[in-house]
Every structure is written in structure tokens, then in C-alpha cells.
4 protein chains.
Amino acid sequence: MIKVGIVGGTGYTGVELLRLLSAHPQVELSVISSRSEAGRRVDDLFPSLRGHCDMVFAAPQLDALADCDAVFYATPHNVAMQMVPELLETGTRIIDLSADFRLRDAELWSRWYGEPHACPELLAQAVYGLPEVNRDAIAGARLVACPGCYPTSVQLGFLPLLAADVVDLDSLVANAASGVSGAGRQARIDNLVSEASDNFKAYGVEGHRHLPEIEQGLSDIAGRAVQLTFVPHLIPMIRGIHATLYAKLLKQVDLQALFEEHFAGEPFVDVLPAGQLPQTRSVRGSNRCQMAVTVPQQRDTVVVTVVEDNLVKGASGQAVQAMNIMFDFDETAGLGGAALSP
Amino acid sequence: MIKVGIVGGTGYTGVELLRLLSAHPQVELSVISSRSEAGRRVDDLFPSLRGHCDMVFAAPQLDALADCDAVFYATPHNVAMQMVPELLETGTRIIDLSADFRLRDAELWSRWYGEPHACPELLAQAVYGLPEVNRDAIAGARLVACPGCYPTSVQLGFLPLLAADVVDLDSLVANAASGVSGAGRQARIDNLVSEASDNFKAYGVEGHRHLPEIEQGLSDIAGRAVQLTFVPHLIPMIRGIHATLYAKLLKQVDLQALFEEHFAGEPFVDVLPAGQLPQTRSVRGSNRCQMAVTVPQQRDTVVVTVVEDNLVKGASGQAVQAMNIMFDFDETAGLGGAALSP
Amino acid sequence: MIKVGIVGGTGYTGVELLRLLSAHPQVELSVISSRSEAGRRVDDLFPSLRGHCDMVFAAPQLDALADCDAVFYATPHNVAMQMVPELLETGTRIIDLSADFRLRDAELWSRWYGEPHACPELLAQAVYGLPEVNRDAIAGARLVACPGCYPTSVQLGFLPLLAADVVDLDSLVANAASGVSGAGRQARIDNLVSEASDNFKAYGVEGHRHLPEIEQGLSDIAGRAVQLTFVPHLIPMIRGIHATLYAKLLKQVDLQALFEEHFAGEPFVDVLPAGQLPQTRSVRGSNRCQMAVTVPQQRDTVVVTVVEDNLVKGASGQAVQAMNIMFDFDETAGLGGAALSP
Amino acid sequence: MIKVGIVGGTGYTGVELLRLLSAHPQVELSVISSRSEAGRRVDDLFPSLRGHCDMVFAAPQLDALADCDAVFYATPHNVAMQMVPELLETGTRIIDLSADFRLRDAELWSRWYGEPHACPELLAQAVYGLPEVNRDAIAGARLVACPGCYPTSVQLGFLPLLAADVVDLDSLVANAASGVSGAGRQARIDNLVSEASDNFKAYGVEGHRHLPEIEQGLSDIAGRAVQLTFVPHLIPMIRGIHATLYAKLLKQVDLQALFEEHFAGEPFVDVLPAGQLPQTRSVRGSNRCQMAVTVPQQRDTVVVTVVEDNLVKGASGQAVQAMNIMFDFDETAGLGGAALSP
């Protein structure tokens, strides 16, 4: 049993962490903080948690967090990096769901996020929390930077191809689409039902903040620089990411076998049988990523289709998975529920 | 051909007015104002109007509006009532889509809207713009107060029953539901896709601002005080209102004939054949109201189901209909399009 | 640990039973049958169950079912009543999610379902499976008839009012609305995305099969005949029922206290604090029913708003709850998950 | 004024043709046929057309069709090709919305549609009805094969790039997504609200029937064989197609100018200003195609995003546009309405 805190529990990754952690057999939720909602019952803001979470939001305070074994940051970027240096010194281990520690290069971070990084000296020790690539490093990490939602799906889908070195690295395309919850619980006209439902659009085509993160991850996997064209889209639904990945094949290989073997033993990556294609609803509310690999018309382009729940494997579920690894729990503890379908 | 202005064209009733008026054969759109968007092209804000509206938002100015034959106010409440007295004096006729002139009783208005009415002396001359009840008065009106979206559907559905005096007036129930566009184009967390899609809820059960408007209208029709229980709900879709009305029958009458006869000749009220029930999609984008009348199990409660598009018959279309009546145009001019279905 | 079978596992109540039972600590899923899908892997039909259910659909066979401690029927009406008499004799206890055993009066059943009842002699021993009313009888039942989805929400919402005898029983109105999954997993044009999404309609106004079931239940509670006007509607979403109940108050009582006290101790009925209204999303995927009681404008009509997930508390979850009671398990076993929200 | 017939008016392209043609100033609707619905009022099947279409479905009969100036086939594939040879001989001009005459190569047709072509001798004279490519040929055509919904958006988006010969023709990717109405008005479990709403998936990755049509069209434009990777997806909404097109640039050109110039004068293709991206809702119900061209990160891949309403510019609207061209009407007649937004 460990004591756990959450900073910034009023967004969608926050309420999802609460859903998962309140049912986790080895976790005692100790503190949940929110500046804006301090003093309010959590289940007053989130009635779905009535009977599951009896806590009250508190203003963030170092000593309460320092008293925890692990603290999750479910905050917008530029919050964790202001607080983490001090908290790390207390020995509390940190799992950051924001973007603050995802890029190793402080200048690159600064270029994409529009401000200087507050603690560039910590970037080197932050571990990128993608278990399928970094499991061992996560186990020993003091500070884990959880991958973004798109980056999780795109990296997992390209992973077997790059690890086996069978595709051209200069012409990768990731056409991805996300449910609206990816935009967070913020009052924005763009994400109203009247604007974003019954609609489909691309956005951020010129350059999305997840691009450098994905390219960093893919380059790590490939062992050399990878260039990606990444176009995200907005799906008129709440949860789910679907990535359609395109790569030019350089070799003839049994791709179905390659994918199945690469992910054999991974508890949360599920390669579908040949002939099936993944659907976002099949992973709704679950920490699973499902994928399929296809070569249309037996030509030379491989298409990988990947789905995940952006709030679970793409955020809070993956963060809990990292916690399980860090504290040597069963990696699936608290993450065993089947998807909610239909 | 008349010159027309719109004050407050950045909301959903505004863009719908623009869609309808830009295709109206007898209207020249002369000015459209918005404080917040002054200087911006209309079709930059609303790309659906590219090629249909070549205008630029202007800051509201009295002389430009005074130069119009008719001005529509598509503003939140408490805007029109500040500007209307001055503009009325210039001879411009005014069609107000907001709530400012809907109630005849200034004190009642003040109780529900939380501030004193700015020009109570105008309330007596404002004509309530429901053509099916007030057509003649609308024709001669200088100031028309367009009915709210719920009030339109609820009054039209009860109208034949009250006019024929066949139901108990003390136990009326209106269970209504609206698409999210009824909440306007405002950045509110409650109306995000992640909150209001894939969800259904009642709201305003204690008392919704449309209640006094509906009770005033029903009492006018019945000739004595009517008491209504009114519960609105939010439907996870953009456009459409559905009202389910319940009343206790006091007499045996052929209700199908009663309804058909009452609305015979009405261009925008369509009583469905016996056995059919209305659906919101059948009036999507159209100015029609469709309804059905049923007596479940041949007992003593009559159920009227009514649909309209809240942005058309419930707002901008009905406002254009009022304009047509005021300027002696064909009442259906510019309103002839069939619904968009599916 | 008990052995459990499911007959008819290819519909939505079937896949929901599988989701719940595959995580139930005291259940071993022993057989799942489907005539149409016999021989197919369950997770081939329902990829959301990959990794959670390793079974293959079998043709229904008496001996395999007789080997179970409990068998769930997740079939359309008119299936269970053909098989149950024989299976009951083997000692297997039966939980029927269909309508076959919900009405005690065989003639009434026949009138609403259009065919004679196949085993009217069993109707008297079938226990209506609403735990909040019938817990003790369920504990000892050999055959449980699970309530319909609408009947669950309507009966629970009226329950405290009728038990306390504070409303007029001749003018009850239940205006209810359901997500489309209530219509089942059947190929019907009416329920296509292009027909039923972005739409709202009433249906079955003349008379819905759940009406006699609700009236039977309410009359049992009230101790005399109750007459209800019941109008169901279709919501453009998948899961969730919302019921808005209207009744005329005969006495002044503290309704908030009445409701809270009535359901105190009920694990799956949650009366919201005064001032809050329920939303379907707050119970999505959970077995909870949330409700609120309001008297609009302090007049004489009480409005109760109730939500449930039609596939959980309205079907499969309630069936598992009944099983827990029958086999003396913790009533919440396997039903503890929080709702999936957003 | 011409006399027009529709064969197969019970699907979504049929009802959309009826919506458009019933408001067309130069068209008299003379006959509408349906085997399955013969004898039924059109507005009984489609209540959205009440007051707009007073017709009754008739069984298809050659003489009634031969009496028309133009006949639209809004039928599944393999219907028109059985009837067209005989009807063509009567002098009636034919606009086929199905796939029967889209491919010039009868063997290719047969391979993708799984049966021999019924009148291969007519394929040479059928004109592919994409006005932006084939306007002159359409004007003189006796038989027009209207493009598929995906092929319209994909060809229009690639058109300026291929006409200007600035991209690599061997690595084109079209990642497209469609609303569910593209699947037609057929009872299929896959397209139920409970299956296809709140979900996103790719389908037909191995090979979709629109692939050979698009490759034929692109090859015609380019003047040599083009190879395309085409992956369609299903969007949880009713109307709209969004295509995201990827091509490797071979030359530095001002792409914004290239696109604007290419489509200058086209009434239904709208190149958005630089910096804007298209959304399906901006063309909902309209015959416009909106698109944007972008080079992400100023690298060497161009991304074109294109939207259309699949039932209008992707089907019935484009068919009416072809009719306008064939009969020398104003090309925009009956197609002038602005999109319905929100």
C-alpha cells in the first residue's frame, strides 16, 4: 500500500486517475489538490465518483505532497516544472502527465511551448514513460514523463517496423484523430457540441506540439533521425484515438508475425488477428492499445492502424501502469477492466 | 426590396439569420454589427457563408441602423432594451429575438432576469411575434418580440386544446428537450462535447425563464390563468426542440380533426397524419413545426408531441416570418427550403 | 465460486453480462450459447473482450446449462419461456433478462406480446427482480424475472412517493428517454446512425410494452391500482435512461428527507443532494441509479428525475445484483466500478 | 422546364435529389420509382418532404421514364446497367449516381464488383461526371457516370498538384473519412448508433471499390499511371467527407496561388485563405467543396485537406450540377443554398 497524491485533479486526466486509483488495491489516495476548487468535495464536481471518492480538493501544499510515496501531476504544461524540483528533493517519486519533461532538449521544448524551461537540469533524469520501450528505466525512475496521447499510439504502431528496420525513415506519415476529451476540460467555443459534434476537421497541420515528442521517440527507437509528417484531426466523440500510419516497405517480411512477436507478453498491446481492424470503441475505458497491420493491394506501403483510449493508455492509465512498474506492483493492477462496449 | 440590419451577428441566431436573409428575394442586407468582431469579415468567422455573405462586422452605430427598414436584434437579453427606444424613434421597425420584450409585466421580467427593465413603457406596444396567434398585430407592429424557442413549441402544441377549451388548465405539463445550440455560442464547460454529448439531463427544473413567457401566452389563449409544469432537458445534438405535452381531457372530441382544422392554412405548422409521430430531424433547417396528437390507451390524458428547429421556427426563421408579415411579403418568402434529412 | 451460463450472448445485454461476470470474483463462466454464432470465438464478435473472455459460442444444450448453478437468459422475449420449465427441473436457478416472466397475469402478457404464454403455471413462482422492492424474495428465488430498463428507473423514482402515500395515483406521468442500445443489437433502419443520431423523437406513445409492467409494479407498491401515462423517447446516444416523473402532491412533506431515508442503505440508489440534478453520463457503465426530487416553483407538482445505465442497472448489472443476492454473495460483488466519465 | 425522373428514390441520395430538385426552378419532377415502396407516398417515407413533394412511388416502367428529358439512377450498383441500354435508345438522357459506368475498363469493373458488366459497350460513351475536369464532355453527354463520394474529394484535392506536375506520382496517400450516410439506408448492424456512433475506425484498407475509380481519374489528369494508397474511415456523424491528402513535392511552387488559380471561376470549389483549414460542417447540405493546402514544417510533403457533403457534392448535388450543364441551365441553379451551420 502506498500513499498517493494528485496535483490538478479537476481535468479529464484527473477524474480518470481518480476512477482508476480509487479501485487500485495497493493505493491509498492521500491528497488531491486544485487551486480553483480548494474546499469543494471531489464528488460534487464529478458526481460519477459519488461513493468512490470521499475527498475534498485542497490547495497544493508541499508537505502534504512530500508525505506521499508518489505524486501525479495532471496539470497543464508549465505547472509541474515549477513544483517538481522542490518535491523531488523530499524523495517523493513523480509521475507527470503533462508535457514538461517529455523532451530531452530544453531549447526544443522552449521553441514549441513558447517559454523557457524552468528546470532544464532535470530533463536528463526524467524517464520517458512508455513501458513498451522503457520498462526498465521506468522501474528505477524518480521522475517519469508520461507520453502524450498521440505519441503513445504513433510510437507503438511504428515500433515493430522501426525496431526491425524494414521501412524508409524519411517518408513516415501519421494521420491521427482524437476524441474531443483530448482538448481538456476547458471552456472553449471550438469544443462546444454545436461546433465540434457533427463535424470533422484537421488541425495543427503546420505543426503540433506532439510532433517533436514523436520524432524524438521514433529516432530513439530507430537509432537515427526520423522525419514524420503528422496530421491530427478532431473526431466528434469524447474518448479515443485512432492513428493510421503509413510507411514505405524496404523489405519483404511477414508483418503479422513481426507485430505479434514484438508485442508478445505486453499486457496492454494487442495485435489483432489478420483481417481485423481496430475500432476505438473496443478500448473505451480500458488501458489496451489494439492495432492491425496491412499492406493494401500487396503494394509497397504498409498501413498500421492503432487505437487507444486517449484518457487511459494515452494518459491516466499509462501513468498508473508506470506507477505499478515503479513500485514493483503487478503491472496490470487496477487496470484490468474490460472496455465499455457498446 | 428592403434594407435590413442585424445587431449582434456572431451567435447562432445571427448566423442563421444570415443564412436565411442572404437568400431572401426581397432583402438587402445593409449592416451587421458586433462589438467584439468589428472589422472582421463575416465569412472568416462563419466559413459556411463564404460566397453567400460579403460583409464585414461593424461596431453598432445608430445612423447605420436608422437607415434600415428593419433591424433584427440577435443579442443576449439586456442589449436590445438599451438601444431600442432611440432606434424606434427613427422609424426603423424592430424585430427582437431576445427576451427583452416578451413579457408584458415589467416586474415579472425583472424578477426572472434579475435586473430592472430599461424601457417598461415600450412593453405595451411590443407585439409578441407568434404568427399563429398574433398575425394581424404583427403586420402593424413597430416592435416585435420574437417568442423563445421552447415557448414556440409549447404554445403551438397546446393551442388547439386551449382554444377549444377541452382540457384542464391546472395540470398542464410540458416536458421539453432541446439541442445544445439553444445554449448559444458561448464558451461554457457545460456545453463541451466531452460534457454534453453522450449525455442527457434535465435542467432548470426549479424554474426556467421561459416559464413565465409560456404561461403568459397560454393564459392569453385560454382567456384565464393557466398553470404549467415545465421541465427542459438537454439533447446531445445541435439543433432541434421536442416538446411532449400532457393535459387532462375534459371532453370527448376528435382531436385529430381539431388539430388539423385549427392549423389549416398555416404555412409552417404541419399536423401529422394519425399514427405518425414527429422527429426533430424532419424539420432540421426548416421553419416548419410538425406535431402529433395522441390519447394513450384511450384514457383521459392527451399527449401532444411537437418538433421544431430551435434556430429556425424557434428563432431566426420565425423572425423572418414576422418580417415577411410586417412588410406584406409572401409569408413564406426565403423560408421555403425543405429540411436537411438525413 | 459458482458455475454460470449465459443463453443468448450476442446482444448488448449479453456482452455486458460478459464484461461484468468475467471480472466477478465468485463466478466461473461455464457456457455461453448462441444459435447463430455457435463455433465462433466470443472475442471475435466482441473485440472489447479480448484478453477477458476466452470462450466460444455453443449451441444451447440442456445438459451444459443444467450443469450450471445459475443461467442468465439474455434473449429476446419468447425464448426463455420455451426452455425454462425443463431447465428449472434440473435445479439450476434462472435469471431471465427478457420480458417472459415479468407479468403475473398470463392474459395481460399475451395481449401485449401477441402470443400465448408458454408456461403460465410458472408465473406465480417467478420473482420480480427489483432488489429495492423484493430483496428477500429474490434471495430465495429459483426463477427471477429481471425488470425492464424503463420500469427500473420509473419504479425506483416513484417508490418513496407511493410508499409514503403522498401523491395522487390517478395522474402519474412518466416521461422517459433511452439511448439507442435499448433497442438491441438488431439490423433495423430506424436505429442507423443516419436515422437515430442527431435526432430526438417519442415512440410507442399509444402503448409501450413496459407500461403494464410498470403499472403492475407501482400498484404492488401502492397497494391499489395505479394509472400511469408513460411516453418513451429515443436519445441520440448509446447508453443511458433518463426518467422525468410527475405527480400531484397530496401532502406537504420534506421530500428530500423522504427520498434519502427511503434509500438509505441501498448500495445502488443514490439520492443527490438538494439542488443537483442527475445526468446519464454520471452512471455510464455503473450499476448506480441517481435521482433528484424537486417541486418546481413550490407549487403542487413533484418532479423526480432519475438516471441509470440501461445496460447495467437497467439490465445486466441488475441481473448480477440479483445473482449476488440469490447466492448470498456481497450484493456489490463485481459491480463496484465507478462510472466512465467523461 | 424539363421533365425529370428518379429511379430508386428510397435511399439517401434519392431523398437528397428530391430535396434539391423539388426546389429547382427549371425542373418538373415527373416520376419517382421504387420497387419496394410502390404505391406509398414519398412524404410518408420522408416526412421532411411534406409540403415539398406530393408524389407517390411507382414501380419502374420504361414508358414513364422514356417520357422524361432526364432520368437519375439513385440505385445500388448493378441496377442501372440492366435498364440503361433500353432507356438510352428512347433519347432520354441519363445521370447515374451508382458505380455502374464509372470505370472505362469492363474487366476492372468486374474484378471489383464481383460480376460481369451488363453492357460493356456503353462504357466508352459514358462521361465521368466531374465538372471541374470534364465540363465540356458532360454538356454533350447522353449518359453521365457521377463520381463516387470519396473520389470527388480526393480527385479535386490532388487536381492542381497533378495538373501542374509538381508531386511524385508513386507515393500519393489519401486518408479519407466519411459520415455514416455514405453507407446508405440499409439495415446493417455495423451502422447502428450503438455500433458506429462514439467510435472511429478504418475500413476497406485492403482495397476499397473507390480505389480503381480514383486511380483512373488521377491517371487521366496526370497523363500517366498514378499509384495511390487509399484508406477510408468511418466518422460518427451523418454527413460529410474529409480527405487528407499527402504527396511528396518535387518542386518549390507557391501552392496557395496554384490552388486558387486552378479553381478560379469554379462555382463549387472554394480554396480557403492561407492559414484556415476546412471543416465538414461548413459545407453541410451545400454543394461546395472547401479545401486548404499546407506544407507542414516547410518540409517536402504537401498536405491537402478537403471537405464536401458526401450526399451533395459527393452525390446528388453533383448529379444536379451535371444536369444543369447538360441542359445548359445556370450551373448553380437549385444549388445555391448556404450550408446549414451549426
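Tabulated data
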item	result
Any hit, the stretch C:52-72, residues being within 14 Å of chain A (Cβ to nearest Cβ), crowded, with 22+ Cβ neighbours inside 10 Å and hydrophobic (A, V, I, L, M, F, W, C)	no
Scope the stretch A:74-104; condition charged (D, E, K, R) and buried (at least 24 other Cβ atoms within 10 Å of the Cβ); matching residues	A:Asp96, A:Asp100, A:Arg102
Every residue from the stretch C:296-337 that is within 14 Å of chain A (Cβ to nearest Cβ), in contact (Cβ under 8 Å) with a residue 40 or more places away in the chain and surrounded by fewer than 24 Cβ atoms within 10 Å (Cβ to Cβ)	C:Glu331, C:Thr332, C:Ala333, C:Gly334, C:Leu335, C:Gly337
Of the criteria (1) without any contact (Cβ under 8 Å) to a residue 24 or more places away in the chain; (2) small (Gly, Ala, Ser); (3) not in a helix (DSSP H, G or I), which one D:Ala174 fails	(1)
Selection status of D:Glu206, in a loop (DSSP other than H, G, I, E, B), at pLDDT 95 or above and over 21 Å from the mean Cα position of the chain (by Cα)	yes
Check on D:Thr280, within 14 Å of chain B (Cβ to nearest Cβ) and of a type in the set (S, T, N, Q)	yes
Residue in the stretch B:2-24 that is free of Cβ contacts under 8 Å to residues at least 60 places away in the same chain and more than 13 Å from every other protein chain (Cβ to nearest Cβ) present	no
So B:Asp44, is it in contact with a Leu (Cβ under 8 Å, 6 or more places away or on another chain) and not hydrophobic (A, V, I, L, M, F, W, C)	no
Top-ranked residue of the stretch A:142-178 - restricted to ones that are out of contact with any Pro (no Cβ under 7 Å at 6 or more places or on another chain) and of a type in the set (Ser, Thr, Tyr), ranked as surrounded by the fewest Cβ atoms within 10 Å (Cβ to Cβ)	A:Ser171
Answer residue from the stretch D:218-250, given it is touching a Leu at 6+ places or on another chain (Cβ under 7 Å) and of a type in the set (Gly, Ala, Ser) and is nearest to the other protein chains (Cβ to nearest Cβ) among those	D:Ala247
Tally, over the stretch B:220-254, of residues that are under 21 Å from B:Val293 (Cα atoms) and of a type in the set (Gly, Ala, Ser)	4
Residue match in the stretch C:285-295 (condition: more than 25 Å from C:Arg209 (Cβ to Cβ), at the interface with chain B (Cβ under 7 Å from one of its Cβ atoms) and either buried (at least 23 other Cβ atoms within 10 Å of the Cβ) or not aliphatic (A, V, I, L, M) (or both))	yes
Residue among B:Ser22, B:Ser48 that is over 21 Å from B:Ile94 (Cα atoms) and crowded, with 17+ Cβ neighbours inside 10 Å	B:Ser48
Residue match in the stretch B:190-205 (condition: more than 8 Å from every other protein chain (Cβ to nearest Cβ), touching a residue at least 40 places away in the same chain (Cβ under 8 Å) and either surrounded by fewer than 20 Cβ atoms within 10 Å (Cβ to Cβ) or within 30 Å of C:Ala196 (Cα to Cα) (or both))	no
Search result, residues across the stretch B:164-189 that are within 11 Å of chain A (Cβ to nearest Cβ) and of a type in the set (A, V, I, L, M)	B:Val180, B:Ala183, B:Ala187, B:Ile189
Unmet requirement for D:Leu255, which otherwise passes all of (1) touching a residue at least 12 places away in the same chain (Cβ under 8 Å); (2) touching a helix residue (DSSP H, G or I) at 6+ places or on another chain (Cβ under 6 Å); (3) surrounded by 19 or more Cβ atoms within 10 Å (Cβ to Cβ)	(2)
Filtered residues of the stretch C:1-19 (kept if in a loop (DSSP other than H, G, I, E, B) and within 22 Å of C:Gly91 (Cβ to Cβ))	C:Met1, C:Gly8
The lone exception for A:Gly157 - which of (1) more than 18 Å from A:Asn310 (Cβ to Cβ); (2) among the small types (Gly, Ala, Ser); (3) not in a loop (DSSP other than H, G, I, E, B) it fails	(1)
Unmet criterion (only one of (1) surrounded by fewer than 18 Cβ atoms within 10 Å (Cβ to Cβ); (2) within 14 Å of another protein chain (Cβ to nearest Cβ)) for A:Gly39	(2)
Among (1) closer than 24 Å to B:Gln321 by Cα; (2) of a type in the set (D, E, K, R); (3) within 13 Å of another protein chain (Cβ to nearest Cβ); (4) crowded, with 24+ Cβ neighbours inside 10 Å - the single one B:Glu213 does not satisfy	(3)
Pairs, first touching a residue at least 40 places away in the same chain (Cβ under 8 Å) in the stretch A:55-68, second part of a helix (DSSP H, G or I) and buried (at least 17 other Cβ atoms within 10 Å of the Cβ), C-beta under 7 Å, six or more apart	A:Phe57/A:Val42; A:Leu65/A:Leu87
From B:Phe268, B:Phe259, B:Phe263, residue being modelled with pLDDT of 95 or more, in contact with a Cys (Cβ under 7 Å, 6 or more places away or on another chain) and more than 13 Å from chain C (Cβ to nearest Cβ)	B:Phe268
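The values are calculated or read from the model by the stated rules, or taken from the named source; none is laboratory data. Keep in mind it's a predicted model, so treat the numbers as computed, not measured. Heads up, the Cβs are rebuilt from the backbone with ideal geometry, glycines too, and the neighbour counts pull from every protein chain shown.
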